[in-house]
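Quick notes on the structure that follows.
Nothing in this text is a laboratory measurement; each read-out follows from the coordinates by a stated rule. None of these values were measured; they are calculated from a predicted model. Cβ: placed from backbone, ideal geometry, glycine included. Neighbour counts: every protein chain shown.
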Protein chains: 2
Amino acid sequence: MRWDQLAEDDCPVARALSVIGDRWAALILRDALRGVTRFDAFHARLGCSRAMVAKRLAELVDQGVFELRAYQDHPPRHDYVLTDRGRALGPIVMMMAQWSETWLPQRRSSPLRRRHKDCGQLFQPVLVCSECREPVEPGRVEYPDLAPSRRRATTDRQGQSA
Amino acid sequence: MRWDQLAEDDCPVARALSVIGDRWAALILRDALRGVTRFDAFHARLGCSRAMVAKRLAELVDQGVFELRAYQDHPPRHDYVLTDRGRALGPIVMMMAQWSETWLPQRRSSPLRRRHKDCGQLFQPVLVCSECREPVEPGRVEYPDLAPSRRRATTDRQGQSA
DNA sequence: AATATGAGTTTAATTATTGAACCCACTATG
DNA sequence: CATAGTGGGTTCAATAATTAAACTCATATT
């Protein structure tokens with residue numbers, strides 16, 4: 001299976017990955033969410049080849065994650081500005097950061113702080129259930145459309161709790 | 001910059017991507033969260049080469065996302081079972097699905113339903129602020145540790161050095 | 001025996017990515 | 001004026017990653 005076939009996949013996770021399931025695309029998005037808009041700024045932060053930056057930015061524009069906003073005409077130049085669709089990817093990136101901070105050994109610097117503009121406080125992202133508004137703990141989700149029981153491996157040794 | 005250097009990066013998003021920033025790793029994780037535990041089952045769902053499945057599974061075991069649980073000894077065989085660390089990646093995958101369902105054109109089948117075991121209802125994942133418990137809307141986050149203002153497209157080069 | 005299963009490994013061919021240099025249209029400096 | 005610098009790329013040869021298909025190995029089933 002090739003990259004571009006993911007976009008045709010029936011699974012929404014696969015289709016999301018056709019957009020951000022590449023390390024460079026995801027890192028470009030991270031930087032864009034922090035305010036980067038220029039080619040050279042992306043390149044400087046990413047540390048990958050210029051060709052890669054150009055290619056991924058072009059793909060992300062095609063996918064409607066970025067739009068081009070001209071900031072000068074004569075040598076035509078533009079900013080890469082996130083669209084609504086692109087900004088909506090923010091929660092995925094926030095959950096990645098959150099997972100890292102919780103589960104991976106920390107590197108040197110203190111984690112990047114985030115402020116919620118609505119309440120003014122520094123915060124952590126928390127994923128809650130749309131119905132009961134309680135945090136959704138790992139392992140407390142099931143998929144009624146899949147095989148009768150999701151936790152069962154033919155020869156079951158022991159279910160783990162969680 | 002190479003793949004393996006991401007793990008050393010100072011940014012938590014980059015470090016998370018060193019684990020799941022690859023389409024196959026992310027799809028393996030998706031399937032694991034839905035209950036898949038066997039090599040051939042991952043391979044059948046992914047549609048990539050067996051070599052790739054073997055490699056990614058081995059990496060994910062190294063990174064502590066999966067652990068091996070033997071289910072027979074003589075030809076030694078095992079299930080790939082998510083660890084706590086691995087299960088904690090669930091919210092990232094849920095937010096990916098959520099984004100797809102909201103922002104990408106739908107394919108044929110109805111989206112996979114999720115049930116929250118704590119309240120028993122079908123739900124959507126919602127990302128809220130840990131402080132005020134309100135949903136964090138796109139664009140309502142700022143980063144006080146970055147350059148004074150994160151949104152400037154027309155104001156040019158200010159020294160910043162993150 | 002012969003076939004099947006589960007979990008990989010090997011190999012050659014194909015793709016993707018890199019680093020470095022190059023290009024273009026301007027702007028600023030001497 | 002001549003030269004260098006900037007922003008945003010493209011091109012190209014070399015290197016790395018990925019693929020499909022075949023192969024291995026131990027055991028189970030027919």
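Going by the conditions given, is A:GLU131 part of a loop (DSSP other than H, G, I, E, B) and touching a Phe, Trp or Tyr at 6+ places or on another chain (Cβ under 8 Å)? The answer is yes for A:GLU131. Within region A:51-74, being more than 8 Å from DNA strand D (Cβ to nearest atom), of a type outside the set (Lys, Arg) and either under 20 Å from the mean Cα position of the chain (by Cα) or in a helix (DSSP H, G or I) (or both) holds for A:MET52, A:GLU59, A:LEU60, A:VAL61, A:ASP62, A:GLN63, A:GLY64, A:VAL65, A:PHE66, A:GLU67.
The single condition from (1) within 12 Å of DNA strand C (Cβ to nearest atom); (2) of a type outside the set (A, V, I, L, M); (3) closer than 30 Å to A:GLY86 by Cβ that B:SER100 fails is (1). Within region B:1-36, the residues that satisfy the criterion of being facing chain A (nearest Cβ under 7 Å), surrounded by fewer than 21 Cβ atoms within 10 Å (Cβ to Cβ) and over 20 Å from A:SER18 (Cβ atoms) are B:MET1, B:LEU6, B:ASP10, B:GLY35.
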